[in-house]
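Here the structure is laid out as structure tokens; the discussion comes afterwards.
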Amino acid sequence: MSITVIKAGIADSIQDSGRFGFQHLGINPTGVMDRFSMQLANALVGNEVNEAVLEVHFPASVFLFSEPTILAIAGAEFSASINGEAVPNHHCIIVNKNDALQFHQPIAGTRAYLAVKGGFHVTKWLDSYSTNIKAGVGGYQGRTLKKGDEIMMNNTTDFSLLIKNKKFLVLPWTVDVPALTDKNEIFVIRGSEWDELTNESKAVFTETPFLITPQADRMGYRLENQPLYINRTEELLSSAVNYGTIQLLPDGKLIVLMAGHQTSGGYPRVANVISAHLHLLAQLRSGNELYFRLTDIETAEALFIKQQQLLLQLQNACTFRLHEYFEEHRH
Amino acid sequence: MSYPLIPYRLYALGDSAITIDFGNRIDEIINQSVLARYQQLKKNPIPGTTELVPAYSTLTIYYNLWTVKKNSKQVCGYNWFKAQLEELLQHPFQEDNFVCRTLNIPVCYDEVCAPDLRAIATQKKISAEQIIQYHTSRPYKVYMLGFLPGFAYMGELDERISMPRKAQPVNIEAGSVGIAGKQTGIYPFDSPGGWQIIGKTPLQLFDKNSVSPVLFQAGDKVRFCPIKPDEYKQLQQNPSLFDIEKKEIGGDEQ
């Protein structure tokens with residue numbers, strides 16, 4: 001079973017939750033930008049939530065399926081279609097042999113996630129499927145997808161009985177989740193150099209909007225606003241950074257580090273985006289405005305736990321529904 | 001050997017990591033403490049730890065918040081993790097069996113490999129040979145890895161050849177040996193970079209097919225050995241001709 005790229009998108013790659021445990025060697029984790037949507041897509045098809053998925057940007061690739069396949073799309077709304085007929089996000093979809101999946105128009109959000117039941121059959125590198133483009137490793141040949149790429153799938157179950165000679169099928173249930181896109185209030189907690197910001201700069205940071213500049217990619221978003229000032233003369237030595245670390249550059253502008261960030265940085269870290277809001281940030285892009293809202297670490301943790309519990313619930317519910325469906329339609 | 005207790009501060013690096021900061025200095029003793037605590041926490045991790053990242057004067061511990069919250073019960077996960085660390089940091093750490101590697105790295109300082117060598121010589125009013133001599137006459141310590149997979153930050157450089165970073169990054173070829181401030185390092189990949197390039201090694205610093213894909217690790221000692229252009233070509237074809245590694249037990253002394 002495989003999926004073939006019949007037209008290449010701008011930057012589609014295989015990712016999982018990231019390659020952790022090797023940052024001390026300078027090997028950056030990469031991984032999906034929007035982990036929540038990745039986990040949701042996996043939950044929908046009954047996968048383990050951190051199974052490798054395709055992270056899709058717009059304009060996206062066009063994919064052709066070699067065999068009947070169960071898939072789900074989550075994250076950005078890109079007007080997906082199967083053979084030209086619209087299909088919704090957040091549903092299990094059974095496609096038939098030679099069906100084509102296409103994305104027509106960016107309606108909301110920046111990155112869509114495509115999960116297939118059983119996951120993609122690619123080789124792990126250092127315990128992870130994530131593509132690291134700089135090192136040319138992981139994912140599909142260590143790079144973004146090109147026309148003609150054929151990605152194998154792990155699934156060995158024959159789904160042809162479920163679909164028979166019908167066209168594709170959209171299974172009736174969906175998941176109830178808070179809005180994943182177009183949310184621009186991003187919660188942050190204070191960073192190690194927060195206290196060194198001038199009072200005026202603290203006010204600018206918490207009260208005025210930041211514009212995401214065109215320099216916004218998987219590594220980081222550069223933000224535009226009036227310059228911020230810090231009471232510091234001594235340069236910082238390089239030290240570890242995190243997804244969501246907001247650094248103050250020498251020109252007074254901010255950069256927020258995203259999933260593809262380097263392992264270390266030497267700029268003042270004024271704040272860090274909370275884990276529970278990284279997926280919201282990941283669905284923004286250049287031209288969007290965002291507000292930073294200061295919160296405390298207790299709130300950050302509580303929101304994260306709540307999000308994880310929701311995912312667990314959804315995963316259980318989806319697995320159950322899918323199992324029931326299989327039982328009913330096996331013959 | 002045992003390490004003196006060094007004052008530190010702890011801070012949250014977001015809600016999934018905590019950093020021990022021993023002071024913002026490039027210092028052999030401070031870095032030794034960082035690496036000692038790194039070894040200690042690697043052997044006996046605090047439950048929930050996902051990875052440990054040592055740097056010049058900091059050690060960052062990443063954790064799985066879900067696991068930590070299970071252990072901390074009602075308490076804030078960060079505060080629970082912080083308390084575990086504070087308890088551990090009260091006691092000096094003893095370790096006698098560190099394996100200290102010395103790696104000899106062949107470097108060609110010929111003009112074709114060293115685009116910035118001549119300009120540095122002019123600016124410092126010394127000869128290219130002197131620069132090479134200053135660069136190769138002492139061993140360096142790998143303080144940390146970062147920036148790119150396998151990029152080792154080494155120090156300390158002879159002050160007589162200390163140079164600032166370039167204002168604008170330029171494209172640098174894999175294997176290029178650079179200097180910046182008190183630091184020296186080698187680019188494992190073609191990459192934009194701001195360091196002044198004074199030589200090039202024929203060795204591959206990153207090999208995705210190897211069990212240890214990265215050549216250096218924090219704590220290594222490194223010596224640069226000057227080679228001629230024809231040796232460079234030879235080693236490029238057959239790197240095993242060069243014996244790079246020497247191992248010592250408990251070798252923290254220079």
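Things worth noting here:
- Put simply, when A:290-299, B:190-199, B:59-68, A:79-88 are sorted by average Cβ atoms within 10 angstrom per residue, most first, you get B:59-68, B:190-199, A:290-299, A:79-88.
- Centre-to-centre separation between the Cα atoms of region B:144-212 and those of region A:136-213: 33 Å.
- Which of B:Lys228, B:Lys200 has the fewest Cβ neighbours within 10 Å, and the rest in rising order: B:Lys228, B:Lys200
- Summary value for chain B: 21 percent relative contact order, contacts being C-alpha pairs under 8 angstrom separated by 6+ residues.
- B:Asn64 paired with A:Val170, simple spin-label distance in nm, labels 7 Å along Cα-to-beta-carbon: 3.6
- In a simple Cβ point-charge model (Lys, Arg +1; Asp, Glu -1; nothing else charged), the protein assembly as shown has a dipole of about 500 debye relative to its Cα centre.
- For the pair A:His323 and B:Arg9, a Förster radius of 35 Å applied to the C-beta separation gives a FRET efficiency near 0.10, rounded to the nearest 0.05.
- Angle between chain A longest axis and helix A:297-329 axis [Cα atoms, degrees, rounded to 10]: 0
- Annotation: lysines with alpha-carbon distance below 20 angstrom to B:Lys221 (same-chain offsets under eight excluded): B:Lys141, B:Lys182, B:Lys200, B:Lys246, B:Lys247.
- Calculated from backbone phi, Karplus (6.51, -1.76, 1.60) coupling profile of region A:287-295 in Hz, x at Gly/Pro: x, 7, 9, 9, 10, 8, 10, 6, 9
- Among the residues of A:262-271, the average count of other protein chain beta-carbon atoms within 10 Å of the residue beta-carbon is 4.
- With each label modelled as a point 7 angstrom along the Cα→C-beta vector, the A:Asn83-B:Ala119 pair spans 6.2 nm.
- Relative contact order (%) - region B:106-254, alpha-carbon pairs under 8 angstrom, separation at least six: 29
- At R0 = 60 Å, FRET efficiency that the Cβ-Cβ distance of B:Asn24 and A:Asn316 yields, to 0.05: 0.80
- Using the Cβ of A:His104 as centre and a radius below 15 Å, the other residues enclosed give a net charge of -1, where K and R count +1 and D and E count -1.
- Within the protein assembly as shown, percent of DSSP bridges classed antiparallel, to nearest 5: 90
- Net charge, A:Gln141 excluded, C-beta distance under 15 Å - Lys, Arg +1, Asp, Glu -1: +3
- Sequentially through region A:270-276, phi angles give Karplus couplings (6.51, -1.76, 1.60; θ = phi - 60°) of 7, 7, 9, 5, 6, 4, 5 Hz, Gly and Pro residues having no value and appearing as x.
- Net charge of Cβ neighbours under 9 Å - reference A:Ser160; Lys, Arg +1; Asp, Glu -1: 0
- Taking the fewest neighbouring Cβ atoms within 10 Å as the starting point, the ordered list for B:Glu173, B:Glu129 is B:Glu129, B:Glu173.
- A:Thr157-B:Asn209 FRET efficiency (beta carbon distance; Förster radius 41 Å; 0.05 resolution): 0.80
- Per-residue Cβ neighbour rank within 10 angstrom, fewest leading, A:Trp194, A:Trp173: A:Trp173, A:Trp194
- Normalised by the number of residues in chain A, the mean separation of alpha-carbon contacts (under 8 Å, six or more apart) gives a relative contact order of 21 percent.
- Nearest-ten-degree value, helix B:77-89 long axis tilted from longest Cα axis of chain B: 70
- Backbone HN-Hα couplings from phi across region A:97-103 [Karplus 6.51/-1.76/1.60, Hz, Gly and Pro as x]: 3, 6, 6, 10, 9, 9, 10
- The alpha carbon centroids of region A:1-66 and region A:256-331 are separated by 15 Å.
- Per-residue shielding of A:26-35, expressed as the average number of other chain Cβ atoms within 10 Å of the residue Cβ, stands at 3.
- 222 nm mean residue ellipticity, helices alone, for the protein assembly as shown (DSSP H n ≥ 4; -39,500 (n - 2.57); rounded to 500): -6500 deg cm²/dmol
- Anchor A:Lys134: aspartates and glutamates whose Cα lies under 16 Å away (excluding residues fewer than 8 positions away in-chain): A:Asp12, A:Asp217, B:Glu173, B:Asp190, B:Asp207
- Bridging of A:Lys183 to aspartates and glutamates at a Cα separation below 15 Å is possible for A:Asp34, A:Glu77, A:Glu289, once same-chain residues fewer than 8 apart are set aside.
- Stretching B:Lys233 away from B:Gln130 to a fully extended chain increases their span by 34.7 nm, per 0.36 nm per residue minus the current alpha-carbon distance.
All of the numbers you see were taken from the coordinates with simple rules; none came from a lab. Everything numeric here is computed off the predicted structure, so don't read it as measured data. No Cβ is skipped: glycine too gets one built from the backbone with ideal geometry, and neighbour counts run over all protein chains shown.
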